[in-house]
1. Determine whether segment 250-272 contains at least one residue that is within 20 Å of VAL144 (Cβ to Cβ) and of a type in the set (Val, Ile, Thr).
2. Out of LEU3, LEU7, report the one residue that is modelled with pLDDT under 95 and surrounded by 15 or more Cβ atoms within 10 Å (Cβ to Cβ).
3. Taking the options GLY229, GLY197, name whichever one is over 30 Å from ARG88 (Cβ atoms) and assigned by TED's automatic domain parsing to the domain that holds GLY128.
4. Being free of Cβ contacts under 8 Å to residues at least 40 places away in the same chain, part of a loop (DSSP other than H, G, I, E, B) and either hydrophobic (A, V, I, L, M, F, W, C) or buried (at least 17 other Cβ atoms within 10 Å of the Cβ) (or both), is that true of even one residue in segment 286-309?
5. All but one of (1) touching a strand residue (DSSP E or B) at 6+ places or on another chain (Cβ under 6 Å); (2) modelled with pLDDT of 95 or more hold for GLU185; which doesn't?
6. Would you please name the residue that is surrounded by the most Cβ atoms within 10 Å (Cβ to Cβ), looking only at residues in segment 170-198 that are within 9 Å of the chain's Cα centre (by Cα) and in a loop (DSSP other than H, G, I, E, B)?
7. Considering only residues of segment 218-243 that are β-branched (Val, Ile, Thr) and surrounded by fewer than 21 Cβ atoms within 10 Å (Cβ to Cβ), which is nearest to ILE157 (Cα to Cα)?
8. Could you check segment 103-136 and list, in sequence order, the residues that are closer than 23 Å to GLY178 by Cα and among the aliphatic types (A, V, I, L, M)?
Amino acid sequence: MKLNPPLKLSYIAKMLQAEVAGDPELVLTGLNEIHLVEPGDLSFADHPKYIEKALQSKASAIIVNTRLSPPDGKALLIHPKPFEAFIRLIQLFRPFEPLINTISPNAKIGKGTIVQPGAVIGNHVTIGENCIIHANVTLYDHTVIGDRVIIHANSVIGADGFYFKKSENSYDKFESGGRVVIEDEVEIGALCSIDRGVTGDTFIGKGTKMDNHCQIGHDTVIGRRCIIGAHAAIAGVTRIEDEVVLWGRVSVNKDLVIGKGAIILATSAVDKSLEGGKTYFGVPAIEARKKWRELAALRQLPDRLQDLGK
């Protein structure tokens, strides 16, 4: 999530009533989770096992709850509740904006694009040329759609990521300040849900086609020319490389990479990263040929047990 305009660390420290360790004149250009940070970003770490990772990351500044000496080139904000402080910044810089019309007056809609009745186009949405947005589609704020994109009825693009932190008595919501970015010539089926990034972007690459009832989690990146079958569910922060095929009811766990050209057969469940250029099947998914051999051997098991009983 980019800050526009960039802000000095001292300004953010004043907003949060936080103590600065390091250069207060450091200029920050964005807010990001630790796995997405770039130079110029502010992140946070609220548990000892994550603090060292944060200090070694590309982040320029980190909100922590322990007084430390910052590494060279970095700065720290000392705050008793880093998570709450970071969420506060997202709420300040990317606040919820109520709509006054079903199509926001500040949305940008390209030449030749058709928006069917009942569709809701949120604030700061950009839609390219020659798109079709079917009835009852909802495009949440800050969504970006390329050219020649088709989104079928009742799909929801840009809902909050499913991201909660467990506390003693509740689940605390990690507010979503990211976007959904959809490139040219993508087609999205009916009743699909694509969650926006929490601090980064959920991204769908050029030419990808998606069947009905698909779920794409926050900060997931899907490459170009992918095929995603009905009822597929892809968890957050996963990377699907170009020309991957996920057939119907495939489930993919979070934080994984599926390599270019991989094919995942229907009803499979992926629990680890998979190499590209191969076909996979099963729960958990393994190479299809191996899985079929396992199933063939399993079918012979009752006869083998009967032979042993004799």
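The values are calculated or read from the model by the stated rules, or taken from the named source; none is laboratory data. Since this is a predicted model, take the numbers as computed values, not measurements. Quick reminder, even Gly has a Cβ in these numbers, built from the backbone with ideal geometry, and neighbours come from all protein chains shown.
1. No, segment 250-272 contains no residue that is within 20 Å of VAL144 (Cβ to Cβ) and of a type in the set (Val, Ile, Thr).
2. The match here is LEU3.
3. Answer to the check: GLY229.
4. Checked against the condition, which is being free of Cβ contacts under 8 Å to residues at least 40 places away in the same chain, part of a loop (DSSP other than H, G, I, E, B) and either hydrophobic (A, V, I, L, M, F, W, C) or buried (at least 17 other Cβ atoms within 10 Å of the Cβ) (or both), segment 286-309 yields no hits at all.
5. Result: GLU185 fails condition (1) only.
6. Ranking the qualifying residues of segment 170-198, first place goes to GLY197.
7. Checking each candidate, the answer is VAL221.
8. The answer is ILE103, ALA107, ILE109, ALA119, VAL120, ILE121, VAL125, ILE127, ILE133.
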